[in-house]
Amino acid sequence: MTDPKKEAAALREQLNRHAHLYYVLDAPELPDAEYDKLFARLSAIEAEHPELRTPDSPTQRVGGAVLEGFAKVRHKVPMLSIRTETDITSNGAAAFDARVRRELGLAADAAPIDYVCELKFDGLAINLRYEHGVLVQAATRGDGEIGEEVTQNIRTVQQIPLRLHGDKPPAVVEVRGEIYMRRDDFETLNERQRQKIAAGQKNEKVFVNPRNAAAGAVRQLDPAIAADRPLSFFAYGLGEVTPPAEGGPDWPTQFDWLQQFHAWGFPVAQQIKRASGAAELVAFHELTGRERDALPYDIDGVVYKVDSLALQKQLGFVSREPRWAVAHKYPAQEQVTEVLGIEVQVGRTGKLTPVAKLAPIFVGGVTVTNATLHNEDEVRRKDVRIGDKVIVRRAGDVIPEVVSVLPESVARPPEQRGAVFSMPSKCPVCGSDALREEDEADFRCTGGLFCGAQRKEAILHFAARRALDIEGLGDKLVEQLVDSNLIRTLPDLYKLGLTTLAGLDRMADKSARNLVDALEKSKKTTLPRFLFGLGIRHIGESTAKDLAKHFGKLDSIMDASEEALLEVNDVGPVVAKSLRTFFEQAHNREVVEQLRACGVHWEEGEPAARAPKPLAGKTFVITGTLPNLSRDEAKDKLEAAGAKVAGSVSKKTDYLVAGAEAGSKLDKAQELGVTIIDEAQMLALLPG
Ligand code: IVH
């Protein structure tokens with residue numbers, strides 16, 4: 001039998017190596033499922049032998065108990081700040097270089113100074129203390145002398161090694177760097193936050209920018225929440241270091257230390273560059289400025305550091321700012337401007353987005369006149385009105401957005417401010433009803449087949465392989481056909497002739513002929529394919545099949561009441577409502593008729609027997625995050641089986657379906673003795 005201690009150690013090493021490959025080097029060697037297996041095995045050993053649990057075990061990244069507050073930490077070596085060179089012309093770098101040379105007492109003809117150029121990350125500084133290679137403490141910068149201990153939260157950052165790689169780590173070493181959030185992670189997080197808010201979770205908030213989101217996560221008292229926020233890290237500096245008795249690193253330059261950090265397993269930005277003399281500093285500033293937008297995270301400038309640690313020591317610091325480093329900033333990614341109007345735009349999928357029309361403003365390197373306001377709730381939450389002064393943010397190629405209204409604008413008396421924003425009830429492009437579904441943040445246009453904004457998307461969907469399967473009708477061609485006004489609605493497809501097609505750009509006679517044939521062939525289809533091809537919201541392939549089977553004929557589906565639709569297997573109120581609204585739009589019905597008139601046909605069948613309703617009379621409540629289904633999907637399935645789904649637990653509740661992170665509803669259900677089931681048990685209650 002294997003020794004659990006040895007096995008645990010081997011697993012830890014394996015898991016840490018693979019986490020580093022995955023999170024730091026972005027070069028995974030192991031499929032996720034394999035990693036999960038190893039992780040589960042280690043967790044099992046540690047559960048059986050708690051004494052084998054070590055602080056560098058990957059199982060310790062999940063975070064422990066909720067804290068009351070943070071302990072204070074006195075930094076052994078103060079955490080300095082950097083002087084900012086406000087002169088963003090090349091003079092700034094030259095002035096810095098000249099000052100360094102003067103302070104070192106160098107002659108005019110002495111050799112140029114060597115520097116390291118780095119990115120100035122826009123996050124928050126953190127000090128990571130390793131003793132004998134193991135992470136023992138993480139602290140924020142605080143006032144530079146005293147920071148806060150945030151070890152638990154920092155452990156959850158996968159990019160930070162819990163144990164330094166390699167042999168002979170120093171007895172004590174402090175690695176410093178920046179905790180930050182990538183822009184894509186920030187967008188995903190905020191999208192999740194918006195959904196939580198739309199679903200009525202009152203204590204949730206949307207974050208202003210990645211830096212605030214990162215800072216908020218680091219200062220979370222509940223490490224489980226911190227673990228859920230996607231944080232990243234770059235190493236860039238050294239704090240206290242006590243070399244081991246023999247060997248161990250004792251590097252003479254900043255550049256060497258950056259290499260050492262990398263070797264220990266930390267992410268170090270690839271952009272670091274050794275430079276000599278002012279001209280090379282300026283070149284780095286310019287190059288990085290051009291690449292800034294393409295970086296996946298925010299930087300607010302670059303940092304120049306004297307490379308030699310001996311020279312750094314000689315230069316020293318004044319009022320917490322080293323004389324050997326300077327930050328050279330870029331134009332800000334947030335600016336203030338005025339809201340001139342609020343317009344509503346319709347996206348390719350019918351989503352309505354309120355957009356602020358702005359007094360032109362130079363931000364993040366471009367002039368911005370439009371900024372997204374996301375959705376109605378967001379406009380109201382931020383309380384943006386016409387005439388307000390707002391903060392606009394544009395970072396990278398992310399769409400500019402209105403972050404917040406200046407307090408001075410909010411403070412104006414109501415009669416001096418614009419009206420509270422409301423979404424229009426009709427689509428501004430086609431005039432169809434615009435609807436907002438329950439638990440959804442977005443309004444959508446219901447004129448899918450008719451709406452000019454959705455034309456291209458609707459045609460592509462209709463032509464897709466699993467819909468009408470029109471071979472050869474791809475992205476580019478649809479773009480051309482719509483832009484040249486040859487197609488306005490779906491039936492126009494079947495009016496395209498060989499000559500028209502052959503006259504298009506990059507269209508050979510043979511391709512034109514093939515397309516005409518494909519169009520002809522597509523006319524013979526099936527009811528499920530046709531129904532799916534209409535692109536009705538929430539009607540996927542399998543729902544289309546269920547509908548076709550249940551009703552047999554298209555006309556019966558088009559005329560079915562919501563109650564009748566609810567009888568179909570897997571159709572809940574969300575799907576039923578979506579079908580009803582779609583077929584209530586006269587434009588949509590017209591398109592269907594015209595398609596039939598063009599010769600699109602299928603075999604119709606007889607209606608099926610009534611679907612069973614085994615859960616009629618039972619009341620369910622759903623709470624927490626289910627492993628596979630969204631709460632809406634679970635609700636639809638239950639309702640389709642005849643159950644009632646309520647929002648809160650009471651004596652009348654028959655079942656509570658509980659997922660991960662279930663909260664007060666679970667407590668209440670336990671208190672009342674309600675049967676508690678998980679997703680799998682819920683699915684087992686549904687008909688075949
Ligand atoms: S070095 C010189 N290097 O900037 C010693 N700091 O104003 C100071 N920062 O709190 C730190 N990127 O959060 C250094 N490559 C970089 C940096 C960097 C961002 C931040 C750091 C610090 C602030 C100093």
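Values computed for the structure shown
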| quantity | calculated |
| --- | --- |
| Residues being under 21 Å from Leu595 (Cβ atoms) and open to solvent by less than 30 Å² (accessible area, probe 1.4 Å) - total across the stretch 496-514 | 3 |
| Every residue from the stretch 561-580 that is under 30 Å from the mean Cα position of the chain (by Cα) and in a helix (DSSP H, G or I) | Pro573, Val574, Val575, Lys577, Ser578 |
| Those helices (runs of 4 or more DSSP H) lying entirely in the stretch 166-277 with at least 3 residues more than 30 Å from His374 (Cα to Cα) and within 16 Å of the ligand (Cβ to nearest atom) | 254-263 |
| Set Arg101, Arg41: member being modelled with pLDDT of 90 or more and more than 30 Å from Arg129 (Cα to Cα) | Arg101 |
| Within the stretch 136-158, considering residues that are polar (S, T, N, Q) and part of a helix (DSSP H, G or I), the one farthest from the ligand (Cβ to nearest atom) | Gln152 |
| Verdict on Val116 being of a type in the set (Val, Ile, Thr), modelled with pLDDT of 95 or more and open to solvent by 30 Å² or more (accessible area, probe 1.4 Å) | no |
| Spans of strands (runs of 3 or more DSSP E) in the stretch 24-135 with at least 3 residues over 20 Å from Val218 (Cβ atoms) and either within 16 Å of the ligand (Cβ to nearest atom) or in contact (Cβ under 8 Å) with a residue 24 or more places away in the chain (or both) | 83-85, 114-121 |
| The stretch 195-208, residues that are in contact with a Lys or Arg (Cβ under 9 Å, 6 or more places away or on another chain) and in contact (Cβ under 8 Å) with a residue 40 or more places away in the chain | Ile197, Ala199, Val206, Val208 |
| Pro161 being crowded, with 21+ Cβ neighbours inside 10 Å and either away from the ligand (no atom under 16 Å from the Cβ) or among the hydrophobic types (A, V, I, L, M, F, W, C) (or both) | yes |
| Members of the stretch 278-299 that are out of contact with any helix residue (DSSP H, G or I) (no Cβ under 9 Å at 6 or more places or on another chain) and within 13 Å of the ligand (Cβ to nearest atom) | Thr288 |
| Segments classed as helices (runs of 4 or more DSSP H), wholly inside the stretch 438-517, with at least 1 members that are over 24 Å from Leu531 (Cβ atoms) | 475-483, 498-502 |
| Selection from the stretch 24-39 of residues that are surrounded by 11 or more Cβ atoms within 10 Å (Cβ to Cβ) and hydrophobic (A, V, I, L, M, F, W, C) | Val24, Leu25, Leu30, Leu38, Phe39 |
| Total residues in the stretch 380-393, condition open to solvent by 30 Å² or more (accessible area, probe 1.4 Å) and assigned to a loop (DSSP other than H, G, I, E, B) | 3 |
| Exclusive hit being under 19 Å from Ser404 (Cβ atoms) and open to solvent by 30 Å² or more (accessible area, probe 1.4 Å), set Glu145, Glu187 | Glu187 |
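Yes/no matrix, rows are residues, columns are (1) in a strand (DSSP E or B); (2) within 25 Å of the chain's Cα centre (by Cα); (3) surrounded by 15 or more Cβ atoms within 10 Å (Cβ to Cβ):
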| site | (1), (2), (3) |
| --- | --- |
| Tyr304 | yes, no, yes |
| His328 | yes, no, yes |
| Gly341 | yes, no, no |
| Gln345 | yes, yes, no |
| Pro354 | yes, yes, yes |
| Ala359 | yes, no, no |
| Thr367 | yes, no, no |
| Glu378 | no, yes, yes |
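The values are calculated or read from the model by the stated rules, or taken from the named source; none is laboratory data. Just so you know, these numbers come straight off a predicted model, no measurement behind them. Note that we place each Cβ from the backbone using ideal geometry, even for glycine, and neighbour counts take in every protein chain shown. Protein only, heavy atoms only, side chains kept; ligands, DNA and RNA dropped before computing areas. Shrake-Rupley method; radii C 1.70, N 1.55, O 1.52, S 1.80 Å.
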